[in-house]
1. Any idea which residue in the range 220-248 is nearest to the chain's Cα centre (by Cα), counting only those that are touching a residue at least 40 places away in the same chain (Cβ under 8 Å) and farther than 30 Å from LEU5 by Cβ?
2. Which numbered condition in (1) surrounded by 15 or more Cβ atoms within 10 Å (Cβ to Cβ); (2) among the polar types (S, T, N, Q); (3) without any contact (Cβ under 8 Å) to a residue 12 or more places away in the chain is the only one that ASN161 fails?
3. Which one of these is hydrophobic (A, V, I, L, M, F, W, C), at pLDDT 90 or above and within 22 Å of ILE228 (Cβ to Cβ): ILE70, ILE117?
4. Anything in the range 1-47 that is aromatic (Phe, Trp, Tyr) and either crowded, with 22+ Cβ neighbours inside 10 Å or under 19 Å from GLY209 (Cα atoms) (or both)? List them, or say none.
5. Kindly list the number of the only condition in (1) out of contact with any strand residue (DSSP E or B) (no Cβ under 7 Å at 6 or more places or on another chain); (2) among the small types (Gly, Ala, Ser); (3) part of a helix (DSSP H, G or I) that fails for ALA120.
6. Out of curiosity, is ASP186 closer than 24 Å to VAL39 by Cβ, at pLDDT 95 or above and among the acidic types (Asp, Glu)?
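The values are calculated or read from the model by the stated rules, or taken from the named source; none is laboratory data. What you are looking at is a predicted structure, and each value in this text was computed from that prediction instead of being measured. Here the Cβ positions follow ideal geometry from the backbone for every residue, glycine too, while neighbour counts run over all protein chains shown.
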Amino acid sequence: MIRPLIFAGTTEGREIALFFNENKVMSDVYTATEYGVQVLPEMEYIKAHAGRLAYEEICSLLESRKQENIIIIDATHPYASIVTENLYKSAVEKSVPYFRLLRPSTYKGGGIMFESIEKAVEYLKNTTGNILLATGSKELIKYKPIGDMARLYPRVLPESNVIKNILDLGYMQKNIICMQGPFSVDMNTATLKHINGKYLVTKDTGKTGGFDEKLEAAKSAGAELIVIGRPEEKSKGYSLDELKKIMQEEYIQKR
């Protein structure tokens, strides 16, 4: 029987873990933070681990468990390109089957798309008005060149270490919005109106990441949507339904 090692950072990661649990397949879920473990439901056949792993640590993990018929399920965020690269490289090096679980894009136009946060910042530097930053906490340092920190309203997960890091970057405490998403159109609209937001910066997070709701909210609130484009995927990926089908046919039904 396979032993899936699920590297999760998305709703899809939780869903594939639930799938293995329902099929009574012992699996391990690796999340970047303790908070990621906390939001997972209790599952009899799933063991959760918290903490980011560097490339060398992933290789060591695979080597230590090579007798367990392990496979890698990469369900990390579409923008966690370094993590995905490390998982893929380590899987190749250690000859471990690798499956990329993709979150489909729903972007079909609307707002302005930039290829990177840095490009979006260059644009925003020449604007006025408050900005709702809905791109996560890890890259908030990239927005500092905008200059006027009073304009910036980061929306992040409610974790104490995250808040401390944001304050250390110079963001104003009264501007930090701590909430667990994804959010409805009404919630996004209310947030934009509350901060008098003229811009909403988001990633192309797909349906489960609430992208469509942010697009509609920006229109409703009269704000301009700024979209950060996805990094290019270097390996073949599968939707949740496609991956479930592969797991059933190639592994679970053959046990």
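1. Per the criteria, the residue is VAL227.
2. Of everything listed in (1) surrounded by 15 or more Cβ atoms within 10 Å (Cβ to Cβ); (2) among the polar types (S, T, N, Q); (3) without any contact (Cβ under 8 Å) to a residue 12 or more places away in the chain, ASN161 misses just condition (1).
3. Numbers: ILE70 fails: within 22 Å of ILE228 (Cβ to Cβ).
Being hydrophobic (A, V, I, L, M, F, W, C), at pLDDT 90 or above and within 22 Å of ILE228 (Cβ to Cβ) holds for just one of ILE70, ILE117, which is ILE117.
4. The answer is PHE7, PHE20, TYR30, TYR35.
5. Single failed check for ALA120: (1).
6. Working: closer than 24 Å to VAL39 by Cβ: yes; at pLDDT 95 or above: yes; among the acidic types (Asp, Glu): yes.
So ASP186 fits the description; yes.
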